[in-house]
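**Student:** Sharing a structure below in structure tokens format, with a few things to ask.
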Amino acid sequence: MKALLLIDIQNGFCPGGNLAVGDGDKIVPVANALIDNGGYDLIVASQDWHPANHGSFASQHPGKKPFDMGELSGIPQVMWPDHCVQGTPDAEFHPDLNTDAFDYVQQKGENPAVDSYSAFRDNDQTATTGLADYLERQGAAILDICGLATDYCVSFSALDALDMLPGVKVRFIEDASRGIAAEGIKAAIATMRAKGVIIVNSSDILNA
Ligand code: VGL
Ligand code: ZN
């Protein structure tokens, strides 16, 4: 069975959002086409879902500005602008995204003491979200991953999927994803490829 995992396609990561990714909204029609015509048995979405005092926010660290490096619970942490705060419009899915099609939503980033780029586990790899168990129970054999942002939540999720779902074929859909920084995107794709993630485009799936 074939599952699609849509990472953080939320207002906060689209133009006008608090942590906007360039052209983040351009992936919404691609994601909708994959939902409708990608041949998936299961559609899963992750949602960055932070409390207002989340420790990844520069606002919680006196003297730090957004995008500075800092520390959170003793590990290096990018200081983000306040984003995707629970219950705010910034945390909602993009209004054009076909959320009716979602079978399961995995929220993440709720613990203020640790960031959670991956939809599968926190950055310190201590607490898991339960998503790997869910996908295993559903019998996922192919997991296609796309969304925002390639250099953070998308690539972290793809690498954790390889690690936590042995035997599952993991693919990254490049044109259904956007990232924060050009160099970071390049490095993330190279790392995914090197570790065994298959890099595809939506046309490979829609025309299969
Ligand atoms: C993300 C930074 C902070 C993402 C989430 O969705 O890629 N990046 N929180
Ligand atoms: Zn976040």
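**Student:** Which one of these is within 14 Å of the chain's Cα centre (by Cα) and more than 12 Å from ligand 1 (Cβ to nearest atom): Leu5, Leu34, Leu42?
**Tutor:** Only one candidate qualifies: Leu5.
**Student:** Find all pairs meeting these conditions: Cβ atoms under 6 angstrom apart; at least six residues apart or on different chains; first residue within region 119-141 and open to solvent by 50 Å² or more (accessible area, probe 1.4 Å) and of a type in the set (Ser, Thr, Tyr); second residue at pLDDT 95 or above and outside any loop (DSSP other than H, G, I, E, B).
**Tutor:** Hits for this filter: Thr128/Arg121.
**Student:** Continuing with the same structure: For region 48-60, enumerate the residues that are of a type outside the set (Ser, Thr, Tyr) and within 14 Å of ligand 1 (Cβ to nearest atom).
**Tutor:** Listed by number, the residues that qualify are Asp48, Trp49, His50, Pro51, His54, Gly55, Phe57, Ala58, Gln60.
**Student:** Which of the residues that make up region 145-186 are touching a strand residue (DSSP E or B) at 6+ places or on another chain (Cβ under 8 Å) and among the charged types (D, E, K, R)?
**Tutor:** Of everything in region 145-186, those that are touching a strand residue (DSSP E or B) at 6+ places or on another chain (Cβ under 8 Å) and among the charged types (D, E, K, R) turn out to be Asp160, Lys169, Arg171, Glu174, Arg178.
**Student:** Counting only residues that are in contact with a Ser or Thr (Cβ under 8 Å, 6 or more places away or on another chain) and either farther than 16 Å from Ala91 by Cβ or in a strand (DSSP E or B) (or both), which one in region 1-28 is nearest to ligand 2 (Cβ to nearest atom)?
**Tutor:** Checking each candidate, the answer is Ile7.
**Student:** Here's something else I'd like to know. For region 116-131, check the following and say yes or no: at least one residue is within 17 Å of Ile199 (Cβ to Cβ), at pLDDT 95 or above and more than 16 Å from ligand 2 (Cβ to nearest atom).
**Tutor:** Checking region 116-131: not a single residue is within 17 Å of Ile199 (Cβ to Cβ), at pLDDT 95 or above and more than 16 Å from ligand 2 (Cβ to nearest atom).
**Student:** With respect to the numbered conditions (1) more than 15 Å from ligand 2 (Cβ to nearest atom); (2) at pLDDT 95 or above; (3) hydroxyl-bearing (Ser, Thr, Tyr), which one is the sole condition not fulfilled by Ser56?
**Tutor:** Looking at each condition in turn, Ser56 falls short on (1).
Residues are listed down the side, and each one gets a yes or a no for (1) within 17 Å of Asp175 (Cβ to Cβ); (2) among the charged types (D, E, K, R); (3) in contact with a strand residue (DSSP E or B) (Cβ under 8 Å, 6 or more places away or on another chain):
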position	(1), (2), (3)
Asn11	no, no, yes
Pro15	no, no, no
Gly24	yes, no, yes
Val28	yes, no, no
Ala31	yes, no, yes
Asn37	yes, no, no
Asp41	no, yes, yes
Val44	no, no, yes
His50	no, no, yes
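**Student:** Here is a check on your reading of the model: is Ser203 in contact with a Ser or Thr (Cβ under 8 Å, 6 or more places away or on another chain) and either of a type in the set (Ser, Thr, Tyr) or open to solvent by 50 Å² or more (accessible area, probe 1.4 Å) (or both)?
**Tutor:** no
**Student:** Ser46: assigned to a helix (DSSP H, G or I) and either closer than 22 Å to Glu110 by Cβ or at pLDDT below 95 (or both), yes or no?
**Tutor:** no
**Student:** From the list Gly22, Gly63, which one is surrounded by fewer than 20 Cβ atoms within 10 Å (Cβ to Cβ) and either among the charged types (D, E, K, R) or away from ligand 1 (no atom under 15 Å from the Cβ) (or both)?
**Tutor:** None of the other options fit; the residue is Gly63.
**Student:** Could you grab me the full set of residues in region 139-158 that are of a type outside the set (Val, Ile, Thr), part of a helix (DSSP H, G or I) and under 13 Å from Leu5 (Cα atoms)?
**Tutor:** The answer is Cys153, Ser155, Phe156, Ser157, Ala158.
The values are calculated or read from the model by the stated rules, or taken from the named source; none is laboratory data. If you're wondering where the values come from, they're calculated on a predicted model, not measured in any experiment. Using ideal geometry, Cβ is built from the backbone for each residue, glycine included, and neighbour counts are taken over all protein chains shown. For the accessible areas, the whole protein counts, side chains as well, though only heavy atoms, and no ligand, DNA or RNA atoms are used. Shrake-Rupley method; radii C 1.70, N 1.55, O 1.52, S 1.80 Å.
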